[in-house]
Amino acid sequence: MFHEARIKLTAWYLIIIMGVSLSFSGVMYFGVNRELERIGNSQKTRIQGLIRGYPVSIDVPIGPDFDAIAQARLTFLTTLALINLTIFIVSGLGGYFLAGQTLEPIAKMMKEQKEFVSNASHELRTPLTSLMTEIEVALRDKEITLNDTKNLLVSNLEEVKKMNNLSNYLLSLNKLQDGKLLTKTTPVDLKPVVENVVKKLEALALKKKIHIKTNLKNSIIKGNQAALEELVTILLDNAIKYSNSGGKILITTTSKKVLKVADEGIGIPRADLPHIFDRFYRAEYSRNKEKTDGYGLGLSIAKSIIDIHKASVRVKSEVGKGTTFTVTF
Ligand code: ADP
């Protein structure tokens, strides 16, 4: 499809360039032709005048002059044809190159879009299949008890929650890509933002006996409150998710507009580090472990939020020792 579109675009470039070039050549040809005819006519008149002035009739060689005009016309026409042929070849090659350059980002975007849709459908299929299987098995069971039914509903609810999370992630990504958040920026203090998120996720950390420590200074930045809350939630949620029971997490904000989330968890292997912000990317260990739920979308959303705030992120991690995310606004 890319090749077909490239050829079509090249053809359009060629049609436009050749249209201009041929019209210009036509105008030039008619102009020069008229001038040549005018010169020819005045030559003819002059020679006829000379002939009339002679006492005896002589043979005046008028032929070669008119041959010269015809020759000039032909030379001009050939030159124009050569120029147009050169323009055709050069603009054909140049157009093909430019069409490639123009279409490449579009082709890349389409490829990413396709991958995104296929990843999203794949992630949706897993909870959907398990939901369907559980319901079908339960429907076939003629001796199902009330207790079994309740357990089934609990399990179904888990799957529905997963799908709900995924659709929320996808909506977030979509919203961030539209750049709509950029229009709603206000001065935001990172300190209360972090405090709110800690309050929200404290229960989750407690469940794993993880202690969240904070060292927060007021840090005012220009940004979007909701997006910044989402960013801190993603980083803290990951810190909890990838920490072992009894671990510690430290969140810091400094007056120099720096946000740091440090955990003492399992760490990220060096080979995975360059990819963790990619959509749907999950390090091998995260995919294998049942308990670390996720879709590999959190950090790509975090990165979009960091980007729209024109901030930067640094990750320091050591397997078995922990990970630190540092965002500098
Ligand atoms: P997920 O839903 O899998 O957590 P994310 O996009 O949030 O997706 O993270 C991508 C991957 O980066 C995770 O699967 C995990 O392998 C790794 N990761 C992110 N944060 C941490 C962390 N604090 N400690 C260890 N690994 C992490």
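Laboratory data are not the source of any read-out in this text; all were calculated from the coordinates shown. As the structure is a computational prediction, the values presented were derived from the model and not from experiment. Counting neighbours? That spans all protein chains shown, and the Cβs are built from the backbone with ideal geometry, glycine included.
Placing a pseudo-label 7 Å from each Cα along the Cα-to-Cβ vector at Val27 and Asp307 gives an inter-label distance of 4.6 nm. Here's the picture: charge each Lys and Arg Cβ at +1 and each Asp and Glu Cβ at -1 in the chain, and of Met18, Ser300, Ile221 the one pushed furthest to the positive end of that dipole is Ile221. Seen through its C-alpha gyration tensor, with square-root eigenvalues sorted a ≥ b ≥ c, segment 194-244 comes out prolate because a/c lies at 1.5 or above while a/b is bigger than b/c.
Annotation: the residues Val90, Val160, sorted from fewest to most other C-beta atoms within 10 Å of their own C-beta, follow the order Val90, Val160.
Inverting the pair-averaged 1/r between distinct Cα atoms of segment 112-210 gives 17.4 Å as its Kirkwood hydrodynamic radius. Need one word for segment 204-329: rounded, prolate or oblate. Basis is the Cα gyration tensor (sqrt eigenvalues a ≥ b ≥ c); a/c below 1.5 gives rounded, then a/b vs b/c decides. Because a/c hits 1.5 or more and a/b fails to exceed b/c, segment 204-329 counts as oblate.
The distance from the alpha carbon centre of segment 128-156 to that of segment 201-261 is 38 Å, rounded to a whole number. Given R0 = 22 Å, the distance between the Cβ atoms of Leu85 and Arg38 translates into a calculated FRET efficiency of 0.15.
Label separation (Thr326 vs Thr126): 3.3 nm, computed from points 7 Å beyond Cα along the C-beta direction. Counting only Cβ charges, +1 for Lys and Arg and -1 for Asp and Glu, the dipole size of the chain around its Cα centre is about 1180 debye. Here's the list of aspartates and glutamates a cross-link from Lys222 could span, going by alpha-carbon distance under 14 Å and ignoring same-chain residues fewer than 8 apart: Asp189, Asp307. Calculated [222 nm] ellipticity per residue, helices only, for the chain: -23500 deg cm²/dmol; basis is -39500 (n - 2.57) per DSSP H run with n ≥ 4, divided by all residues, nearest 500. Work out the charge dipole of segment 208-329 with +1 on the Cβ of Lys and Arg and -1 on the Cβ of Asp and Glu about the Cα centre, then indicate which of Thr252, Ile234, Gly267 is farthest towards its positive end. Sorting the options by dipole projection puts first Thr252. In this rough spin-label picture, where each label sits 7 Å from Cα along the Cβ direction, the Glu202-Lys150 distance is 3.1 nm. Taking Ala311, Ala70, Ala283 as the candidate residues, the one with maximal mean-square fluctuation in a Gaussian network model of the chain, Cα springs under 10 Å, is Ala70.
I need the shape label for the chain. Rule: rounded when a/c is under 1.5, else prolate if a/b > b/c, else oblate, with a, b, c from the alpha carbon gyration tensor. Judged from the Cα gyration tensor, the chain comes out prolate (a/c at least 1.5, a/b above b/c).
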